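Following this message is one structure expressed as structure tokens.
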Amino acid sequence: FDFCQAEGKKRPSENLGQVLFGERIEPSPYRFTFNHVETCTSVCTKTYDTTKPEDKQKLDFLKKSMLLNYQHHWIVDNMPVTWCYDVEDGQRFCNPGFPIGCYITEDGHPKDACVINSEFHEKDTFYIFNHVDIKIFYHVVENEARGARLVAAKLEPKSYKHTHPDKPDCSGVPMDISNKANGEVKIAYTYSVSFHEEKDIRWASRWDYILESMPHTHIQWFSIMNSLVIVLFLSGMVAMIMLRTLHKDIARYNQMDSTEDAQEEFGWKLVHGDIFRPPRKGMLLSVFLGSGTQILIMTFVTLFFACLGFLSPANRGALMTCAVVLWVLLGTPAGYVAARFYKSFGGEKWKTNVLLTSFLCPGIVFADFFIMNLILWGEGSSAAIPFGTLVAILALWFCISVPLTFIGAYFGFKKNAIEHPVRTNQIPRQIPEQSFYTKPLPGIVMGGILPFGCIFIQLFFILNSIWSHQMYYMFGFLFLVFIILVITCSEATILLCYFHLCAEDYHWQWRSFLTSGFTAVYFLIYAIHYFFSKLQITGTASTILYFGYTMIMVLIFFLFTG
């Protein structure tokens, strides 16, 4: 953007999660000393001569970023520097970023941040916020060694046309850049810093003021209640079926005289000779089950740590780092589960099974990720991952995850196959004509609705935190929703499985995986809706990136719910 650069300062180091998310921290040319007040200090002056093509290009880029409401994100002592302003109902909203500038349209209508100042009134003009008033709030530590701790950093963006850029006085008219301006444009960047003692805020609770102004906790409770109602409804249904129907059936079987009535079987009892027939494509199913187990345990542990507060927004990138490391270390359960199921399906090709478990799903995710990275790299984006990090991820995968998967598979194949309580008949039974709702597709489509109903409100906030730079801190809620989702998926599947077994259709393995796995399709539809209704994303590269990353999330979610 051609703002002022910090000369000769080292870049802060980032952890794996930040690099994967493309969060790059750059050193800043704004220098503070504690309790040393600065008023209207000059940082640098940029001059653009619109007759030169490279200068014109830089200025046009700056204008475009103001038009699209780009934001600065600044950090002091690991705290985001916030811009607090009044919104309706007398509440204050604290935004952890502030805009580069703003635009007044040709009919004099102020866009975005231009509403804050009545001096911004020239038509078809950009106003750049080239001055910031920074207020640092601290409290003095009494009981330990003398010192002070920063508890908040706030700023007010201002716009001044400095008449003497070398001796700025920070007064006068705002810095306007007319859309049709020609000749020389000079932008002088300045700042003021003041320090204020704040006795009431403790250092441990210094994030609270940012989180309080993030609305929506009441929506959360509403969504949790909504989810709990679904869970209770489903649990009731399952319990009813288990207790009444099965109890009645079993009681009836026990009453029968073992000789004459035994021929008159009905319902799910009829398919006992076919129920454990190995499914078609058993190899693929066992691989999916292995990867799904890996993701399930990873999600559980990550969210559990997040609830305990280890992965708060204050530790940037911690959530992603934790998830990646756990995923790598959980190769063993993946290999074990895949091997156990594959053996019980009567499979022989154990080498193929292990290789597919360790390479199929991670390979798809990595390939997608790699293509996205190529696009970012081609666009010259700072979010592109350096080659070293890619090598590091591959090393984690090949040198840790794959051997662990092999170990898990070894133990899985060494154990005896899962014993089935009934023998499988030689000749497969014919499946009678099915009614509409016990056919495979309608059943699967219906099964995904209930789990999706539990999560879609949380999904809105998660997508906001990924794409709209809002903080996500409601891990307690998320953990609750996660547990509810697991229960709902299981119960919806049990219910639909019972219905189609009663209709004498014994192909249950794939159907039970896909019934709850179909939630991922609803997630995809929701992500597409979110893209068109909430995000103003233009350009092919950005659109491909959005859907590329969404596909990774959908695949992981599919394996997890299945």
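The values are calculated or read from the model by the stated rules, or taken from the named source; none is laboratory data. Keep in mind the model is a prediction, meaning the values are calculated, not measured. Reconstructed Cβ throughout: ideal geometry from the backbone, glycine too, with neighbour counts over all protein chains shown. Accessible surface is based on the protein model in full, side chains and every heavy atom, while ligands, DNA and RNA are left aside. Shrake-Rupley method; radii C 1.70, N 1.55, O 1.52, S 1.80 Å.
When residues of segment 13-40 are filtered for being of a type in the set (Phe, Trp, Tyr) and surrounded by fewer than 16 Cβ atoms within 10 Å (Cβ to Cβ), how many remain? Reasoning before the result, please.
Residues of segment 13-40 of a type in the set (Phe, Trp, Tyr): 21, 30, 32, 34.
Checking which are surrounded by fewer than 16 Cβ atoms within 10 Å (Cβ to Cβ) leaves us with 34.
Qualifying residue count, segment 13-40: 1.
If you check every pair at least six apart or on different chains, which have Cβ atoms under 7 Å apart with a residue in segment 499-527 that is free of Cβ contacts under 8 Å to residues at least 24 places away in the same chain first and a residue that is in a helix (DSSP H, G or I) and open to solvent by less than 30 Å² (accessible area, probe 1.4 Å) second?
Close Cβ pairs satisfying both conditions: Ser512/Thr493; Ser512/Cys497.
Here is a follow-up. Checking Thr550 against (1) part of a helix (DSSP H, G or I); (2) in contact (Cβ under 8 Å) with a residue 40 or more places away in the chain, which single condition isn't satisfied?
(2)
Additional query: If you take the residues of segment 41-87 that are assigned to a helix (DSSP H, G or I) and among the acidic types (Asp, Glu), which of them is least open to solvent (accessible area, probe 1.4 Å)?
Result: Asp55.
Pairs please, first residue from segment 104-123 and in the same structural domain as Gln71 (by the TED database), second anywhere and in a helix (DSSP H, G or I), Cβ atoms under 8 Å, 6+ apart in sequence or on different chains.
Sorted first by the residue in segment 104-123, then by its partner, the pairs are Ile104/Cys114; Lys111/Leu67; Phe120/Cys114.
Here is a further query. Looking at the structure I just gave you, is Met298 surrounded by fewer than 21 Cβ atoms within 10 Å (Cβ to Cβ) and either under 16 Å from the mean Cα position of the chain (by Cα) or more than 19 Å from Phe479 (Cα to Cα) (or both)?
Working: surrounded by fewer than 21 Cβ atoms within 10 Å (Cβ to Cβ): no; either under 16 Å from the mean Cα position of the chain (by Cα) or more than 19 Å from Phe479 (Cα to Cα) (or both): yes.
No: the conditions fail for Met298.
Could you go through segment 464-471 and let me know if any residue there is surrounded by fewer than 17 Cβ atoms within 10 Å (Cβ to Cβ) and on the phi > 0 side of the Ramachandran plot.
Yes, the conditions are met somewhere in segment 464-471.
May I ask you to verify whether Ser171 is touching a Pro at 6+ places or on another chain (Cβ under 6 Å) and either open to solvent by 90 Å² or more (accessible area, probe 1.4 Å) or assigned by the TED database to the domain that holds Cys44 (or both)?
Against the criterion (touching a Pro at 6+ places or on another chain (Cβ under 6 Å) and either open to solvent by 90 Å² or more (accessible area, probe 1.4 Å) or assigned by the TED database to the domain that holds Cys44 (or both)), Ser171 does not qualify.
Still on this structure: Kindly check whether there is at least one residue in segment 192-206 that is surrounded by 14 or more Cβ atoms within 10 Å (Cβ to Cβ), of a type in the set (Val, Ile, Thr), at pLDDT 80 or above and under 30 Å from Asp166 (Cβ atoms).
Within segment 192-206, one or more residues are surrounded by 14 or more Cβ atoms within 10 Å (Cβ to Cβ), of a type in the set (Val, Ile, Thr), at pLDDT 80 or above and under 30 Å from Asp166 (Cβ atoms).
Please go through segment 437-477 and pick out each residue that is in contact with a Ser or Thr (Cβ under 6 Å, 6 or more places away or on another chain) and either not in a helix (DSSP H, G or I) or not aromatic (Phe, Trp, Tyr) (or both).
Here is the first cut: in segment 437-477, the ones in contact with a Ser or Thr (Cβ under 6 Å, 6 or more places away or on another chain) are 444, 447-448, 450-452, 454, 457, 472.
Residues satisfying the conditions are Ile444, Gly447, Gly448, Leu450, Pro451, Cys454, Ile457, Tyr472.
A further question follows. Is there a residue in segment 422-436 that is part of a helix (DSSP H, G or I) and either open to solvent by less than 70 Å² (accessible area, probe 1.4 Å) or not polar (S, T, N, Q) (or both)?
The answer is yes; a qualifying residue exists.
From the list His507, His500, His529, His469, pick out the single residue that is in the same structural domain as Ala239 (by the TED database) and within 24 Å of Gln18 (Cβ to Cβ). Break it down stepwise before answering.
On the way: His507 fails: within 24 Å of Gln18 (Cβ to Cβ); His500 fails: within 24 Å of Gln18 (Cβ to Cβ); His529 fails: within 24 Å of Gln18 (Cβ to Cβ).
Answer to the selection: His469.
Right, next: Right, Tyr506: modelled with pLDDT of 85 or more and either among the hydroxyl-bearing types (Ser, Thr, Tyr) or open to solvent by less than 20 Å² (accessible area, probe 1.4 Å) (or both) or not? Full working, then the answer.
Numbers: modelled with pLDDT of 85 or more: yes; either among the hydroxyl-bearing types (Ser, Thr, Tyr) or open to solvent by less than 20 Å² (accessible area, probe 1.4 Å) (or both): yes.
Criteria met by Tyr506.
Mind checking whether some residue in segment 390-404 is closer than 29 Å to Thr540 by Cα and under 20 Å from the mean Cα position of the chain (by Cα)? Give the steps one after another, and end with the answer.
So in segment 390-404, the residues closer than 29 Å to Thr540 by Cα come out as 390-391, 393-394.
Filter once more, so that each one left must be under 20 Å from the mean Cα position of the chain (by Cα): 393.
Yes, some residue in segment 390-404 is closer than 29 Å to Thr540 by Cα and under 20 Å from the mean Cα position of the chain (by Cα).
Here is a further query. Quick one: would you say Ile275 is over 21 Å from Phe558 (Cα atoms) and of a type in the set (A, V, I, L, M, F, W, C)? Walk me through it before giving the result.
Details: over 21 Å from Phe558 (Cα atoms): yes; of a type in the set (A, V, I, L, M, F, W, C): yes.
Criteria met by Ile275.
Kindly list, by first and then second residue, each pair from a residue in segment 15-28 that is part of a loop (DSSP other than H, G, I, E, B) to a residue that is among the small types (Gly, Ala, Ser) and open to solvent by less than 40 Å² (accessible area, probe 1.4 Å), limited to pairs with Cβ atoms under 7 Å and residues at least 6 apart or on different chains.
Taking only residues 6 or more apart or on different chains, the pairs are Asn15/Gly317; Gly22/Ala383; Glu23/Gly317; Pro27/Ala6; Ser28/Ala6.
Further question: Take the residues of segment 350-386 that are aliphatic (A, V, I, L, M) and outside any helix (DSSP H, G or I): which is surrounded by the fewest Cβ atoms within 10 Å (Cβ to Cβ)? Please lay out each step first, then the result.
Taking segment 350-386 and keeping what is aliphatic (A, V, I, L, M), we get 354-356, 360, 364-365, 367, 371-372, 374-376, 383-385.
This time we only want the ones that are outside any helix (DSSP H, G or I), so: 383-385.
Values: Ala383: 16, Ala384: 18, Ile385: 19.
Only one residue fits best here, namely Ala383.
What number of residues in segment 546-559 are open to solvent by less than 30 Å² (accessible area, probe 1.4 Å) and within 17 Å of Leu289 (Cα to Cα)? Full working, then the answer.
As a first pass, look at segment 546-559 and keep what is open to solvent by less than 30 Å² (accessible area, probe 1.4 Å): 546, 548, 550, 552, 554, 559.
Then drop every residue that is not within 17 Å of Leu289 (Cα to Cα), which leaves 554, 559.
Residues flagged as open to solvent by less than 30 Å² (accessible area, probe 1.4 Å) and within 17 Å of Leu289 (Cα to Cα) within segment 546-559 amount to 2.
While we're on this one: Among the candidates Pro451, Pro428, which residue alone is assigned by the TED database to the domain that holds Asn226 and either over 27 Å from Tyr336 (Cα atoms) or under 30 Å from the mean Cα position of the chain (by Cα) (or both)? Write out each step before concluding.
Numbers: Pro428 fails: assigned by the TED database to the domain that holds Asn226.
Exactly one residue qualifies, and that residue is Pro451.
Continuing with the same structure: When you go through Ser291, Ser312 one by one, which is the residue that is part of a loop (DSSP other than H, G, I, E, B) and among the small types (Gly, Ala, Ser)?
Working: Ser291 fails: part of a loop (DSSP other than H, G, I, E, B).
Only one candidate qualifies: Ser312.
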